[in-house]
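Please treat every number below as a calculation from the coordinates, not as lab data. Source: prediction; values computed, not measured. FYI the Cβ positions are ideal-geometry reconstructions off the backbone, even for glycines, and counts take in every protein chain you see.
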Amino acid sequence: MLLKPGVENLEYPFMFPGIDKVLHLGIFTFLGFSFMAAFPKIKFIYFIQIMLIYGMLTEILQDEMHFGRSLEGLDLVADTIGILIGYFILKKLQRTII
């Protein structure tokens, strides 16, 4: 999904300028949540480093593959916010369940 060619087609009612930022946020929220669920004992510093490196690599690959996607700083911001949201959702669920 992150490396697919990007076309923002605004003829659909759910499409709007900047929807890619919302998609980045959602994808990285899910990734952050899933990563922490799979590796619950990992330290936060390692978790955030791994996830941010993954986000940076996907942005670099988007730019280098020349499929109509480019490296954008705001995508990295959305990725980072998504990672943190996923982390805190899992931590909140773990506290309420346990």
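Results, tabulated for the structure shown:
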{"quantity": "Two-site FRET efficiency, Gln94 against Val22, from Cβ-Cβ distance with R₀ of 35 Å, rounded to 0.05", "calculated": "0.85"}
{"quantity": "Difference of contour (0.36 nm per residue) and Cα-Cα distance, Leu84 to Glu64", "calculated": "4.5 nm"}
